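Below is one structure, written out as structure tokens; comments come after it.
The values are calculated or read from the model by the stated rules, or taken from the named source; none is laboratory data. What you are looking at is a predicted structure, and each value in this text was computed from that prediction instead of being measured. Virtual Cβ from ideal backbone geometry, glycine too; neighbours counted across all protein chains shown. The protein model used for the area step is the full one, side chains on, heavy atoms only, and it has no ligands, DNA or RNA in it. Shrake-Rupley method; radii C 1.70, N 1.55, O 1.52, S 1.80 Å.
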Amino acid sequence: MTLPTPDQMFTAAPKKVDEPPSLVKRDQYGRPRIKQPSGGEVSYVRASSLASVMDDMTPLGDWKARMTGRGVAISPDLSAGFATIADMESSEGKKQANELARTAQDRAGSTVKRTLGTAFHALTEAYDKGEPIGHVPDSLRPLLQDYAKKMAGMEWVAFEQFVVVDELKVAGSLDRLGRAPGWAKPRVLDIKTGRVDYGQMKFAIQLAVYAHGMVYDPATGARTSQDVDLETGVILHADPSTGIVTPYEVNLAWGWEDAKMAVKVRELRARQRKIMRPATMAPDVIKMIADATSVDALNALWSATGSTWGEKHTQFASARYAELSNPKENH
């Protein structure tokens, strides 16, 4: 297959990962609202969000810290901006610091691969559909050429197909569904332009959810089953720095087990907000009885706290009442 010439150009709009179709309603958190067979709608978690629950965020946090440091180091204005935040722990201070940190990461080049990834997704989708793909940037031309070579003979079944998994209350749009020579069934494929040595469990969960999902019609809420390989998915690692596309098989049996575990972890994390609450400590009633200086004070204490008294409180209060009622006999 021959790549298009530069005069066949188009510009693709950026697309979020796992984006639901425009016909699917969203809740206030951006989650898709899915029609239920029994009536009504329920917010489903996006497959990419569920997969992130099990992700180890330490490498990502370290990487963001490095990018922020570099961005601040090369930007005197950002350095001054951080220095002038009076209270980094106030809501306004956090907001300012977060904005400055994101700007620093951008200046350090943190979004370069993401931008290239968005462009490469658009180019390959148009290419696979046989549509004019327009201008191929020099930075992506070797990568697209290798992609065309590696995908030769692939029969594409679906692109950006929106599916739901009612069992897990999860939904999302799979990247590709295709069948290569020798495959008994179509497999879920996903193109990644970032690093793939981290987040392998995340990839497995996401692809397993897509494979187990049913095609969803947002207009009617109808579900249609898929005949998809549930054992193996494919990650296509497209590395702009080398111009090489490397396919990786993904164990979807493990991914499906991990997806069910991720649902449980998500529930536990939601529950942890209710584990602790401010405690109402019981007053030291014995001390309060001992400190009472008159029968009236003791009666007032009984009126205020008597419902919490136990046998020891009542016995001690009776003895104290006798003392206060007959002060001369106790001296």
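The residues neighbouring residue 181, those whose beta-carbon lies less than 15 Å from its own, together hold a net charge of +3 under the Lys/Arg +1, Asp/Glu -1 convention. Across the chain, Cα pairs under 8 Å and at least six residues apart give a relative contact order of 17 percent. Peptide packing for 224-237, 305-318 was compared via the average number of neighbouring C-beta atoms within 10 Å per residue; ordered from the highest value, the list is 224-237, 305-318. Listed by chain and number, the aspartates and glutamates whose alpha-carbon sits under 15 Å from that of residue 35, ignoring those within fewer than 8 places in the same chain, are 27, 166, 167, 217.
Shown in residue order for segment 155-165 are the 3J(HN,Hα) couplings computed by the Karplus curve 6.51 cos²θ - 1.76 cosθ + 1.60 at θ = phi - 60°: 9, 7, 9, 7, 10, 6, 7, 8, 10, 10, 10 Hz (x for Gly and Pro).
Taking 32 Å as the cut-off for C-alpha to C-alpha distance, list the pairs among 129/260; 95/260; 192/264 that go past it.
As for pairs spanning more than 32 Å Cα to Cα, those are 129/260; 95/260.
At a probe radius of 1.4 angstrom, the accessible area of the chain per residue rounds to 59 square angstrom.
Structural descriptor for segment 171-221: relative contact order 34 percent, calculated from alpha carbon pairs under 8 angstrom and at least 6 residues apart.
Checking [x] 28.8; [y] 15.0; [z] 19.1 against the coordinates, the calculated mean projected area of the Cα convex hull in nm² falls under label [x].
Once the Cβ-Cβ distance of residue 261 and residue 325 is raised to the sixth power relative to R0 = 56 Å, the FRET efficiency obtained is 0.25. Against the chain, whose longest principal axis is taken from its Cα atoms, helix 252-271 shows a tilt of about 30°. Of all aspartates and glutamates in the structure, those lying under 12 Å Cα to Cα from residue 64, and not within fewer than 8 positions of it along the same chain, are 106.
Once backbone amide H atoms are built at 1.01 Å from N, residue 191 has 236 as its partners under 5 Å, excluding neighbours fewer than 5 places away on the same chain. Which percent of the accessible area of the chain is formed by carbon and sulfur heavy atoms (probe 1.4 angstrom)? Result for the chain: 54 percent of the exposed heavy-atom area is carbon or sulfur. In segment 154-301, the DSSP beta bridges split such that about 85 percent are antiparallel, to the nearest 5. Hey, in the GNM for the chain with a 10 angstrom Cα cutoff, which one of 301, 189, 207 fluctuates hardest? Highest fluctuation of the listed residues: 301.
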